[in-house]
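Report on the structure given below.
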Amino acid sequence: TELCEALSQFGIWVRLHYVYPYPHVNEIIPLMAEGKILPYLDIPFQHASPKILKAMKRPASAENTMQRISQWREICPEITIRSTFIAGFPGETEEDFQQLLDFLDAAQLDRVGCFAYSDVDGAKANQLDGAVPEEVKQERVARFMEKQATISAEKLKQNIGRTRDVIIDAIDAEQNMLIARTSSDAPDIDGLVYIEMTDNITVNVGDITQVTITDTDEYDMWAKFSD
């Protein structure tokens, strides 16, 4: 919390990644609401099945997680929540996986990744019973990402017509296009904003400017410069 307070004094975009879901995460949400750090939280929930979370040595439950997400959104309605999940953890049944899909529907997370479980040298999980066949893991990852793509598309569509601050990442002169990101998009892992260049606007890489969102798909957005 003290680090976030200090970083906020630089007047730059400060984004939090890989935050373990300890209770004191709640302390930084008001800083987001006050505009001191970006309203963006990357927090790996990993699963939603109580049985699988226990096997992962994770104390959280889907019910508690949903309650916390609701509280965060009450404090900071603009918050973007990114998370990662694992499909095919040893012992995961179809029922466990369905709990994860149901959680996605309920949580409506903004940015989500899913990985198939794989053994890690020295990890105790390697010794657990109930190994999931590789083809089942991959099939579950595909189902997970298909559901999340639908959720993401619907959430991004809500940006159409809105004016957003974006940071310019690149200038593609051949395509006459600027490539940018909103505060809701982390570099390399989240979506992009594509802006058609105009003669009367001059921007440089690293500039933060305002644009109006004109179109979206599952992960990216298109925009024009605000009038």
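Here is how the numbers come out for the structure above:
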| item | result |
| --- | --- |
| Among residues of region 51-72, those that are part of a helix (DSSP H, G or I), closer than 19 Å to E94 by Cα and open to solvent by less than 30 Å² (accessible area, probe 1.4 Å), counted | 3 |
| Residue, nearest to I75 (Cα to Cα), within region 5-37, restricted to residues that are touching a strand residue (DSSP E or B) at 6+ places or on another chain (Cβ under 8 Å) and assigned to a loop (DSSP other than H, G, I, E, B) | I37 |
| Residues within region 186-204 that are open to solvent by 80 Å² or more (accessible area, probe 1.4 Å) and under 22 Å from A153 (Cα atoms), tallied | 3 |
| Subset of region 171-180 (residues that are open to solvent by 20 Å² or more (accessible area, probe 1.4 Å) and at pLDDT 95 or above) | I179 |
| Only one of A153, A142 that is within 30 Å of A87 (Cα to Cα) and touching an Asp or Glu at 6+ places or on another chain (Cβ under 7 Å) | A153 |
| Qualifying residue in region 31-45 (condition: touching a Ser or Thr at 6+ places or on another chain (Cβ under 6 Å), farther than 28 Å from R140 by Cα, buried (at least 19 other Cβ atoms within 10 Å of the Cβ) and not polar (S, T, N, Q)) | yes |
| Filter result for the condition that a residue is part of a loop (DSSP other than H, G, I, E, B) and more than 22 Å from the chain's Cα centre (by Cα), over I189, I201, I171 | I201 |
| Among (1) touching a His at 6+ places or on another chain (Cβ under 8 Å); (2) in contact (Cβ under 8 Å) with a residue 12 or more places away in the chain; (3) surrounded by 20 or more Cβ atoms within 10 Å (Cβ to Cβ), the one test that A48 misses | (1) |
| Pair list, Cβ < 8 Å and 6+ apart or interchain, from region 205-227 residues that are free of Cβ contacts under 8 Å to residues at least 60 places away in the same chain and more than 24 Å from S152 (Cβ to Cβ) to residues that are among the aromatic types (F, W, Y) and assigned to a strand (DSSP E or B) | T209/F225 |
| Residue satisfying all of: in region 146-163; hydrophobic (A, V, I, L, M, F, W, C) and surrounded by fewer than 17 Cβ atoms within 10 Å (Cβ to Cβ); farthest from the chain's Cα centre (by Cα) among these | I160 |
| Counted residues, region 196-222 - those being out of contact with any Lys or Arg (no Cβ under 7 Å at 6 or more places or on another chain) and β-branched (V, I, T) | 7 |
| Unmet criterion (only one of (1) closer than 22 Å to E135 by Cα; (2) within 15 Å of the chain's Cα centre (by Cα)) for D96 | (2) |
| Residues within region 73-87 that are acidic (D, E) and not in a helix (DSSP H, G or I), tallied | 1 |
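Residue-wise test of (1) open to solvent by less than 70 Å² (accessible area, probe 1.4 Å); (2) without any contact (Cβ under 8 Å) to a residue 60 or more places away in the chain; (3) over 15 Å from the mean Cα position of the chain (by Cα); (4) farther than 30 Å from Y117 by Cα.
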| residue | (1), (2), (3), (4) |
| --- | --- |
| A6 | yes, yes, yes, yes |
| R15 | yes, no, no, no |
| T84 | yes, yes, no, no |
| E92 | yes, yes, yes, no |
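The values are calculated or read from the model by the stated rules, or taken from the named source; none is laboratory data. All figures in this text were calculated on a predicted structure; none of them were measured in a lab. So basically every Cβ, Gly included, is an ideal-geometry build from the backbone, and we count neighbours across all protein chains shown. When the accessible area is computed, the model is the full protein with side chains, heavy atoms only, and any ligands, DNA or RNA have been set aside. Shrake-Rupley method; radii C 1.70, N 1.55, O 1.52, S 1.80 Å.
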